[in-house]
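These notes concern the structure reproduced below.
The values are calculated or read from the model by the stated rules, or taken from the named source; none is laboratory data. Just so we're clear, the structure is a prediction, and the values are computed from it rather than from any experiment. Neighbour counts are summed over all protein chains in view; Cβ atoms, including those assigned to glycine, are modelled from backbone coordinates with ideal geometry. These accessible areas exclude ligands, DNA and RNA; they are computed on the full protein's heavy atoms, side chains included. Shrake-Rupley method; radii C 1.70, N 1.55, O 1.52, S 1.80 Å.
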Amino acid sequence: MRQQRTIAEKVSCTGLGLHCGMPVELTLRPARANTGVVFVRRFAGERVEIRARARAVCSTSHATTLSSGRVRVSTVEHLLAALHSLQIDNVRAELDGPEVPVMEGSALSFVRLLNAAGIYRQNAPGASIRIVRPVEVSDGDRLISIEPGHGFQISYAVEFAHPAIGRQEFEVPRLTSEVFAREIAPARTFGFLEEVHELWRTGLARGGSLENTVVLDDRRVLNPEGLLWPDEFVRHKILDLIGDLSLLGLPIQGHVRVERGGHSLHHRLARAVIESPEAWRIIGGVDGLVTSRLARHTSRSVGETSDEVRAQNS
Ligand code: UDP
Ligand code: ZN
């Protein structure tokens, strides 16, 4: 039986917000079992809490943004991917600005920060969401699906009409913290030079630079250090996918396939899963409390979910 996990001690880092361009301090604190991931934004003298779950998503344009009332937290996906992949269920993420710092444009800093904090196993069973029937969302030539599988398996393809990208496919046969740290976490955000002025005009990418983004002109990568891997682009899309799907609130047992994905497609899959209760079961975690995080997304009551959990475990 999986145990829930939090971090062993408080840790902090400071960096620029990719879109707002301002320095932001992020502090991660241990949280009780069954808390989930909660962003805490110090805002106008108040502390506003925003739960990291699919229904809090208010924008998927160029980053994933969560909100509660007027308060927003942007670019949550790389931190969420690190938490999910290191199987950290419960944490409070305090921010003194509107965005999670972009650091080096990947999840590497967050993996290091979480490893420095250490992991604390909590005396509470952890639930997972097991996909039992396929769910699929398509949009022209773009497609995303999830089907039953062992562990969290990802097959991702991107295709850009750009000589430095082209078609790239990458397979994660089973996501573990080691595979994530080695193959996915270091892959950086990328962007096209020709889009920069339009992004600036709309108030985005103000903190973007060659320090935190792989920038492409119409022929090549402009960063002097080049790429970490030729397929760094598809690896970064997988990083975004893991963070976006973590908003289901539980570890995932299923095989995700993506063709030409992006944040909005990832979220459409998360919503489709939530709206298809026949396509999944919650396993592990023996009481209603543990399963309530996902149940709150759906019309199912906690009691019904608990009955299912009992049926699974009997
Ligand atoms: N795109 C593409 N090939 C891909 C994925 C995306 O050409 O494999 C294009 C897509 O058509 C859009 C742009 O990249 O014009 C940004 O895609 P999206 O908004 O989905 O990405 P996000 O920034 O949300 O991750
Ligand atoms: Zn990203």
key: Within the range 238-290, tally of residues that are more than 19 Å from Gly151 (Cβ to Cβ), of a type in the set (Asp, Glu) and either modelled with pLDDT under 95 or touching a helix residue (DSSP H, G or I) at 6+ places or on another chain (Cβ under 8 Å) (or both)   = 2
inquiry  = Just to confirm my filter: which strands (runs of 3 or more DSSP E) fall fully inside the range 179-278 and include at least 3 residues that are among the β-branched types (Val, Ile, Thr) and closer than 22 Å to Asp139 by Cβ?
reply    = 252-259
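Determine which member of the set Glu104, Glu25 is farther than 15 Å from Asp240 by Cβ, within 16 Å of ligand 2 (Cβ to nearest atom) and among the acidic types (Asp, Glu).
Glu104
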query = Which residues, taken from the range 192-214, are open to solvent by 40 Å² or more (accessible area, probe 1.4 Å), within 15 Å of Gly226 (Cα to Cα) and of a type outside the set (Asp, Glu)?
reply = Ser209, Leu210
ask   = Which of the residues spanning the range 220-261 are within 15 Å of Phe190 (Cβ to Cβ), within 16 Å of ligand 1 (Cβ to nearest atom) and open to solvent by 10 Å² or more (accessible area, probe 1.4 Å)?
value = Pro230, Asp231, Arg235, Lys237, Asp240, Arg260
task = Within the range 48-71, work out how many residues are open to solvent by 50 Å² or more (accessible area, probe 1.4 Å) and within 15 Å of ligand 2 (Cβ to nearest atom).
result = 2
